[in-house]
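Structure first, commentary second.
The values are calculated or read from the model by the stated rules, or taken from the named source; none is laboratory data. Remember, it's a predicted structure, so these values are computed and weren't measured experimentally. Cβ placement follows ideal geometry from the backbone for every residue including glycine, while neighbour counts extend to all protein chains displayed. All accessible areas refer to the heavy atoms of the entire protein, side chains included, with ligands and DNA or RNA removed. Shrake-Rupley method; radii C 1.70, N 1.55, O 1.52, S 1.80 Å.
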Amino acid sequence: FASALALIAAYAIGAQFAAEVYFSRAAQALTLFGNADTAKVFLRRAIDLNPTDDAYHQGLAQAALTALGQSVAKAASGAGPEAAREFQVEFAAGIAAAQRAAAMAPVNPQHWFVLGQLYEAVIPFIGGADRAAADAYGQALANDPTNPVLRLARARVFLTAAEVAALQAGQTRG
């Protein structure tokens, strides 16, 4: 019984250690090389080994945010319908990961901040994203009321929404 218990404990510790190694590699791939695809592979491996760590889900959302920016750049360069499909897939995956992280640790303002960043990135493309971004930043602000970055991010959402509305109003006049 003791040896079986020791074996189970060794496996659990080994799995957590391996998950941390994958998480570290994902962070390196994302921050040093800007490679969101590699980062997502490492993060999925980390999540498979330890699905209860909210930081891994947040990392996956951050990788999706980077990939989302890359897919917008592809679409702007005329990549066609494949870029639009990639955009939708990355956005959906990022939102799902950020929401999972926020559900796992709802008092962590960083999870709500990343969710707000994802919605903010798509304000010009998806209707209602401005409200979702403001709500996410508002939730982060409720959990960290002294953080000025959160107020700035929320104000940036309102400014971007106003600019998009002004552009749309200018297009409808002509």
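Return the sequence-ordered ³J(HN,Hα) values of the stretch 135-140 in whole Hz as given by the Karplus equation 6.51 cos²θ - 1.76 cosθ + 1.60 applied to θ = phi - 60°, using x for Gly and Pro.
Listing the rounded values in order: 5, 5, 5, x, 5, 4 Hz.
Among 137, 104, 24, flag the residue with its Cα farthest along the positive direction of the charge dipole of the chain, charges on Cβ as +1 for Lys/Arg and -1 for Asp/Glu.
Checking the options against the dipole of the chain, the answer is 137.
Please report, as a whole percent, how much of the solvent-accessible surface of the stretch 1-135 comes from carbon and sulfur atoms (probe radius 1.4 Å).
63 percent
Placing +1 at every Lys and Arg Cβ and -1 at every Asp and Glu Cβ, with all other atoms neutral, what dipole size does the chain have around its Cα centre, in debye to the nearest 20?
Taking the Cα centre of the chain as origin, the dipole is about 200 debye.
In nm, to one decimal, how far is the residue 76 label point from the residue 52 one, both placed 7 Å along Cα→Cβ?
4.3 nm
Counting only C-alpha contacts under 8 Å and six or more residues apart, can you give the relative contact order of the stretch 1-155 as a whole percent?
Values: 181 pairs, mean separation 24.3, N = 155.
Computed value for the stretch 1-155: 16 percent relative contact order.
Once semi-axes √(5λ) of the Cα gyration tensor in Å is worked out from the coordinates, which option in (1) 35, 17, 14; (2) 36, 20, 11; (3) 29, 20, 15 does it equal?
(2)
Of 118, 63, 167, which is farthest towards the positive pole of the stretch 19-174's charge dipole, taken about the Cα centre with +1 and -1 on the beta-carbons of Lys, Arg and Asp, Glu respectively?
Going by the Cα projections, it comes out as 167.
Across the stretch 52-61, in residue order, what do the Karplus-derived ³J(HN,Hα) couplings come to in whole Hz, using 6.51 cos²θ - 1.76 cosθ + 1.60 with θ = phi - 60° and x for Gly and Pro?
8, 8, 5, 5, 5, 5, 5, x, 5, 5
With labels modelled as points extended 7 Å from the Cα through the Cβ direction, what inter-label distance (nm, one decimal) is found for residue 155 paired with residue 167?
2.2 nm
Can you give me the Cα centroid spacing of the stretch 88-104 and the stretch 1-30 in angstrom?
The stretch 88-104 and the stretch 1-30 have Cα centres spaced 24 Å from each other.
Given points 7 Å out from each Cα along the Cα-Cβ axis, report the residue 28 to residue 41 separation in nanometres with one decimal.
With each label point 7 Å from Cα toward Cβ, the separation is 1.4 nm.
I'd like the orientation of helix 2-33 relative to the chain: the angle between its Cα long axis and the longest Cα principal axis, in ° from 0 to 90, rounded to 10.
30 degrees
When the dipole is taken about the Cα centre of the stretch 88-162, and only Lys, Arg (+1) and Asp, Glu (-1) are charged at their Cβ, what size is it in debye, to the nearest 20?
Around 100 debye, computed over the stretch 88-162.
When the Karplus curve 6.51 cos²θ - 1.76 cosθ + 1.60 is applied with θ = phi - 60°, which whole-Hz ³J(HN,Hα) does each residue of the stretch 92-106 get, with x for Gly and Pro?
Using θ = phi - 60°, the values come out as 4, 5, x, 5, 4, 5, 5, 5, 4, 4, 5, 5, 6, 9, x Hz.
How high is the FRET efficiency from residue 18 to residue 89, r the C-beta distance, R0 25 Å, rounded to 0.05?
Values: r = 27 Å, r/R0 = 1.09.
Efficiency, rounded to the nearest 0.05: 0.35.
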